[in-house]
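The values are calculated or read from the model by the stated rules, or taken from the named source; none is laboratory data. Just so we're clear, the structure is a prediction, and the values are computed from it rather than from any experiment. Heads up, the Cβs are rebuilt from the backbone with ideal geometry, glycines too, and the neighbour counts pull from every protein chain shown. The accessibility values were calculated without ligands, DNA or RNA, using every heavy atom of the protein model including side chains. Shrake-Rupley method; radii C 1.70, N 1.55, O 1.52, S 1.80 Å.
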Amino acid sequence: MTDELDGLIAGLMPRARADLAELVAIPSVADPRQYPPEHCLRAASWVAAAFAETGLRDVHLEETPDGSHAVIGHRPPPPGAPTVLLYAHYDVQPPLDEAAWHSPPFELTERDGRWYGRGAADCKGNIVMHLTALRALGEDVPVGLKLLVEGSEEQGTGGLERYLPPHAGELHADALLICDTGNSAVGVPTATTSLRGLADVVVTVSTLAGDVHSGMFGGPAPDALAALIRILDSLRDADGGTRIDGLDDDGGWSGAGYDEDSFRADAGVLDGVRLTGSGTVADRLWARPAVTVLGIDCPPVVGSAAAVPAAARARVSLRVPPGTDARTAQDALVAHLLAAAPWGVRVDVEREGTGAAFRADTGGPAYAALDRAMREVYGTPMTFLGQGGSIPLCPVLAAAYPDAEIVLMGVEEPRCLIHAPNESVDPDEIARMARVEASFLRHFANAGRR
């Protein structure tokens, strides 16, 4: 069985590369402030047409409450067979500093055996993985299929999360393959079983009616940027660990660990720079809250004037582990920021979205089928790891389908550098994970038969 799929998928890889090149060329950033929304609509239409060619029925676009379009389709199950939902998203992160890219971000470029481009891994590589698996199976798909490809996941605007509850019946499945994660390293078969939740805010500090000359007023005039720096610094202790009043910060991870040297290499930590926080890397990454200052609005260095800033603001992101309510964590973050304000400065905190954490139940037939498929393809047992990122849709799916198994997998291993300049994907991982998916569908057809 595996040898047959190996040959089929090897023959499909040139098409997989061509598909990925077409998808990467579409700058489908779901933020109309940065890119025209027509790009996302073009990507959605491309995805719908590609999956329709694999034999899925009624593949169409559904507008969600945030204005984005989800791609939805289905294939009915053979008698008695279970149904599997295939998920991915076609929207991408903006390319950030294009000067930091070694090749154009929206042009798939091969270099050192990897394929580079924005979305090559996250998550267009997973779309291509789905397509390759289905093409390898052809008409011999032994389960029912539901297709759900999201159009605004990276922006966190919640379109699909709000769309799904009233349409839950249409998308019901016995197992949900949420393909927006990946292996712990190239060639190491992995399922993600834990996701941190998310709570974001924007904090604005105001001190003066307007900027004033630093020579005439600097000293007694309160500097808004300096006040903001103090507030942000209060979110961490001396060793850099996240410390927010009212939020538990000593959780422990009980699954497979993450070697510190491997983490340093994966994250690109510079020589001599220490990791922040205490405890194991896995504790800090998957079992404890983690705060990040995503951006600051203040005068730029180039062109800055000799003036005391009257206002400054920052976007602060808080990742929360399973077991911590995201809204409660956001409340604690807001209260901490307000309490940390020095000198009586005015502080306004604007709440952005929250996303719940998630923990998978791994004891059912879908995980058994996945482990069997992983062993066939990789030759080693599947490992379970946490994921520091968030997929807000997962808790919504868990609530809508309490009896379904939710599996997180995909092509996004650490070297992919998702969300960063020079994102890439290993084409061998696309091939291997497509084989895993095809094998899984065959094994689950029997394990999940009703």
Give me the percent relative contact order of region 15-146, please, defined on Cα pairs under 8 angstrom at least 6 residues apart. 31 percent
Rounded to whole Å and sorted largest first, what semi-axes of the equivalent ellipsoid does the C-alpha gyration tensor of region 179-235 yield via the square root of 5 times each eigenvalue? 47, 12, 10
Rounded to the nearest 0.05, what FRET efficiency do Thr204 and Ala100 have when you use their Cβ-Cβ distance and R0 = 22 Å? 0.20
When the chain is modelled as a GNM with alpha-carbon springs shorter than 10 Å, which of Pro299, Pro381, Pro36 fluctuates the most? Pro299
At 10 °C and 1.306 mPa s, the Stokes-Einstein diffusion coefficient in µm²/s for region 102-221, with hydrodynamic radius from the Kirkwood sum on alpha carbon pairs, is 81 µm²/s
Give me the net charge for the shell around Pro37: Cβ to Cβ below 13 angstrom, other residues only, Lys and Arg +1, Asp and Glu -1. -3
Connecting C-alpha atoms closer than 10 Å in a GNM of the chain, tell me which of Ile406, Ile296, Ile127 has the biggest fluctuation. Ile296
Leaving ligands, DNA and RNA out of it, report the carbon-plus-sulfur percent of the accessible area of the chain at a 1.4 Å probe. 52 percent
Rg ratio (alpha-carbon, reference 2.2 N^0.38 Å) - region 37-108: 1.44
For region 401-414, take each phi angle, set θ = phi - 60°, evaluate the Karplus expression 6.51 cos²θ - 1.76 cosθ + 1.60, and give the result in whole Hz per residue in order, putting x for glycine and proline. 10, x, 9, 8, 8, 10, 10, 10, 7, x, 9, 8, 7, x
Would you compute, for the Cα atoms of region 234-378, the largest minus smallest coordinate along each principal axis and list the three values in descending order, in whole Å? 65, 37, 26
Acute angle (nearest 10 degrees) that the helix 326-339 long axis makes with the longest principal axis of the chain, alpha-carbon atoms: 10 degrees
Given that compact globular proteins tend to follow 2.2 N^0.38 Å, what is the ratio of the alpha-carbon Rg of region 1-41 to that value? 1.79
The chain: most fluctuating residue of Arg315, Arg17, Arg33 per GNM, C-alpha cutoff 10 Å: Arg33
Which value, in Å² rounded to 10, gives the accessible area of Phe217 with a 1.4 Å probe and all protein chains present? 100 Å²
Using amide H atoms built in the peptide plane, which far-off residues or other-chain residues are under 5 Å from Gly277 H to H? Gly240, Gly241
Any chance you could give the angle, 0 to 90 degrees and rounded to 10, that helix 38-53 forms with the longest Cα principal axis of the chain? 20 degrees
Using Cα pairs under 8 angstrom and six or more residues apart, how large is the relative contact order of the chain, in percent? 26 percent
Taking a quarter of the surface of the convex hull around the Cα atoms of the chain, what do you get in nm²? 22.3 nm²
Karplus-derived 3J(HN,Hα), 6.51/-1.76/1.60, for each residue of region 116-121, Hz, glycine and proline x: 9, x, 5, x, 4, 9
What accessible area per residue comes out for the chain, rounded to a whole number of Å², with a 1.4 Å probe? 42 Å²
Relative contact order of region 1-77: what whole-number percent is it, with Cα pairs under 8 angstrom and at least 6 residues apart? 18 percent
Could you rank the peptides 307-313, 434-440, 52-58, 410-416 by their average count of other C-beta atoms within 10 Å per residue, with the highest value first? 434-440, 410-416, 307-313, 52-58
Binned at 10 Å starting from 0, the alpha-carbon pair-distance distribution of region 198-264 in whole percents comes out as 14, 30, 26, 17, 10, 3
Counting only protein chains, not ligands or nucleic acids, how are Tyr90, Tyr116 ordered by accessible area (probe 1.4 Å), most first? Tyr116, Tyr90
Computed D for region 1-157, Stokes-Einstein, Kirkwood radius over alpha-carbon pairs, 25 °C, 0.890 mPa s, to the nearest µm² per second, is 150 µm²/s
Compute the distance in nm between two label points, each set 7 Å from the Cα along the Cα-to-Cβ direction, one at Thr292 and one at Asp3. 4.6 nm
List the residues whose amide H sits under 5 Å from the amide H of Ala307, counting only those 5 or more places along or on another chain, with H placed 1.01 Å from N in the peptide plane. Ser214
Area of Met216 that stays accessible when all protein chains are in place (1.4 Å probe, Å², to 10): 140 Å²
Could you put Lys124, Lys146 in order of accessible surface area, largest first, with the 1.4 Å probe and the full protein assembly present? Lys146, Lys124
Computed [θ] at 222 nm, helices only, for the chain once each DSSP H run of length n ≥ 4 contributes -39500 (n - 2.57): -9500 deg cm²/dmol
Accessible area, probe 1.4 Å, largest first, for residues Ile418, Ile9: Ile418, Ile9
What do you get for the angle between helix 124-137 and the principal long axis of the chain? Use alpha-carbon atoms, 0 to 90 degrees, nearest ten. 10 degrees
For Arg33 and Asp259 in the same chain, what is the full-extension length gain: residue separation times 0.36 nm, less their Cα-Cα distance, in nm? 77.4 nm
